[in-house]
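Novice: If you scroll down you'll find the structure; I have some questions about it.
The values are calculated or read from the model by the stated rules, or taken from the named source; none is laboratory data. Being a predicted model, the structure only gives us computed values, none of them experimental. Ideal geometry is used to build each Cβ from the backbone, glycine not excepted, and the neighbour counts take in all protein chains shown. Heads up: the accessible areas ignore ligands, DNA and RNA and are worked out on the full protein's heavy atoms, side chains in. Shrake-Rupley method; radii C 1.70, N 1.55, O 1.52, S 1.80 Å.
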Amino acid sequence: MTKNSIKFDLHTHHERCGHAIGTIEDYVKQAIEYGLHYIGISDHSPYFYSEDDHLYPTIAMAKSELVPYIEEVLRLKEKYAGKIHVLLGMESDFFPDHIEVYRDQYLLHPFDYIIGSVHYVQDISIFKRGRWNGLTSREQSKVKDEYYELIQKSAKSEVFQILGHIDAMKGFYPAFSSIETDSIEKTLKIISSEDIAIEINTSGKTKDCGGWYPADDILERALFYDVKVTFGSDSHTPERIGDEFELVKKRLKEIGFSEWAYFVKKERILTPL
């Protein structure tokens, strides 16, 4: 399904996750001011597998906040229906040992899409500074391969419509991109065969690596394998909504893409660049 060019942002956070600023309504209002047609609310998933209600208060919302979060997004969807389309999303951690617990939770609610993101490799945050210190070249390659094996498994899980920031491990270790491995190629083949979209996420500029996730060379290979793409600012402040949307659009055209996608009721809608 193709529609005329639409301005959207599917990856935003808010104060419930404990490390973003502003209410959901702040983001909706800002998106209207910026002229977006669709704004996706996609805060960090609770740690569903934990017995604790709020395992990591500065990382993700409490389990008890999930329903209030959903109710608030749906209320704002109605309130601003004449001005903008508010989409109910979530950025979900991917833990292969607990994927069924997460799947069961998401099936209970009317999500427009779920972004699957790998944030932990070997039980260590991908953004942990110093995690690469002292590793040999072989050990670095092993970590990178494990990262992409998790992304491959997330693509095969049939839980997600979008895969988040698929080279974000370079965030605080830019040399990550130079670690030689064929795992990215394998991963893109699997993503293509599973027909899942990847996001161009502009929050890399807020980390040491700068730029976007994923890098241009990965996007070029993604195009080769006919992987669908979407856009997300990964904004943690309302001001960053839609950040560099037009620049991303321009770059994708230069690479050779002609369309990208957003999601409504888990249906992928393609719109021209």
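Novice: Going through region 2-60, which trypsin sites (Lys or Arg not before Pro) have at most 15 other Cβ atoms within 10 Å and a DSSP loop state?
Specialist: Sparse-neighbourhood loop trypsin sites (Lys or Arg not before Pro): LYS3.
Novice: While we're here: If the cut-off is a Cα-Cα distance under 24 Å, which lysines reach LYS250, setting aside same-chain residues fewer than 8 apart in sequence?
Specialist: Answer for LYS250, where 24 Å is the Cα cut-off: LYS3, LYS7, LYS170, LYS205, LYS207, LYS228, listed by chain and number.
Novice: Could you check the simple spin-label distance between ASP208 and TRP132, using points 7 Å along Cα→Cβ, in nm with one decimal?
Specialist: Placing both labels 7 Å beyond Cα along the Cβ direction yields 0.7 nm.
Novice: In square angstrom, what is the accessible area per residue of region 137-273 with a 1.4 angstrom probe?
Specialist: In whole numbers, region 137-273 has 41 Å² accessible per residue.
Novice: Hey, another quick one. Take the chain, connect every pair of alpha-carbon atoms lying under 10 Å apart with a spring to form a Gaussian network, then pick out the residue of TYR47, TYR56, TYR173 with the largest mean-square fluctuation.
Specialist: Comparing TYR47, TYR56, TYR173 in a Gaussian network model of the chain, the most mobile one is TYR56.
Novice: Suppose we flag GluC sites (Glu not before Pro) only when DSSP calls them loop and at most 12 other Cβ atoms lie within 10 Å. Which is the longest uninterrupted stretch of the chain?
Specialist: 52-157
Novice: Related question: Along region 205-220, what does the Karplus equation 6.51 cos²θ - 1.76 cosθ + 1.60 (θ = phi - 60°) give for ³J(HN,Hα), rounded to whole Hz, x for Gly and Pro?
Specialist: Here the 3J(HN,Hα) series is 5, 8, 10, 5, 5, x, x, 10, 10, x, 5, 4, 5, 5, 5, 4 Hz.
Novice: Additional query: Suppose every K and R has +1 on its Cβ and every D and E has -1 on its Cβ; what is the size of the dipole of region 1-115 about the Cα centre, in Debye to the nearest 20?
Specialist: For this selection, approximately 700 debye.
Novice: Applying the Karplus parametrisation 6.51 cos²θ - 1.76 cosθ + 1.60 with θ = phi - 60° to the phi angles of region 62-75, what ³J(HN,Hα) value in whole Hz is obtained for each residue in order, glycine and proline being reported as x?
Specialist: Values per residue, Gly and Pro as x: 6, 4, 5, 8, 4, 5, x, 4, 5, 4, 5, 4, 5, 5 Hz.
Novice: Based on DSSP H runs of at least 4 residues, each adding -39500 (n - 2.57), what is the mean residue ellipticity at 222 nm of the chain after dividing by all its residues, to the nearest 500 deg cm²/dmol?
Specialist: Calculated from helices alone, the mean residue ellipticity at 222 nm is -9500 deg cm²/dmol.
Novice: Please give the residues of region 252-273, grouped as numeric ranges, whose backbone N is less than 15 Å from a label point set 7 Å along the Cα-to-Cβ vector of ARG103.
Specialist: Correct set: none at all.
Novice: For a quick check, take a GNM of the chain with Cα springs below 10 Å and name the residue from ASP195, ASP234, ASP167 with the largest mean-square fluctuation.
Specialist: ASP195
Novice: Could you tell me how far the Cα centroid of region 168-188 sits from the Cα centroid of region 135-155, in Å?
Specialist: Each part reduced to its Cα centre gives a spacing of 8 Å.
Novice: Give the long-range amide H neighbours of GLY18: residues separated by 5 or more places, or on another chain, with amide H under 5 Å away, using H modelled in the peptide plane at 1.01 Å from N.
Specialist: Result for GLY18 returns nothing.
Novice: Probe of 1.4 angstrom, ligands and nucleic acids ignored: what's the accessible area per residue over region 70-117, in square angstrom?
Specialist: Per-residue accessible area for region 70-117 comes out at 45 Å².
Novice: To continue, here is another question. Name the long-range amide H neighbours of LEU87: under 5 Å, sequence gap of 5 or more, or other chain; modelled H, no Pro or chain starts.
Specialist: Long-range HN contacts for LEU87: ILE39, GLY40, ILE41.
Novice: Evaluate E = 1/(1 + (r/R0)^6) for ALA215 and VAL264, where r is the Cβ-Cβ distance and R0 equals 35 Å; express this FRET efficiency to the nearest 0.05.
Specialist: Computed FRET efficiency for ALA215 and VAL264 comes out at 0.75.
Novice: Carbon-plus-sulfur fraction of the accessible area of the chain, 1.4 Å probe, in percent?
Specialist: Whole-percent figure for carbon plus sulfur exposure: 49.
Novice: By how many nm would the segment from THR181 to LEU247 grow when fully extended, if each residue of separation counts as 0.36 nm and the alpha-carbon distance is taken off?
Specialist: Full-extension gain reported as 20.8 nm.
Novice: So, in Å, what gap is there between the alpha-carbon centers of region 85-104 and region 35-55?
Specialist: That distance is 8 Å.
Novice: Using a 1.4 angstrom probe, figure out how much accessible area region 1-58 has per residue, in square angstrom, rounded to the nearest whole.
Specialist: Per residue, region 1-58 has 44 Å² of solvent-accessible surface.
Novice: Also: ILE6 to TYR49: extension gain in nm, 0.36 nm per residue of separation minus the Cα-Cα distance?
Specialist: The span from ILE6 to TYR49 would gain 11.8 nm if fully extended.
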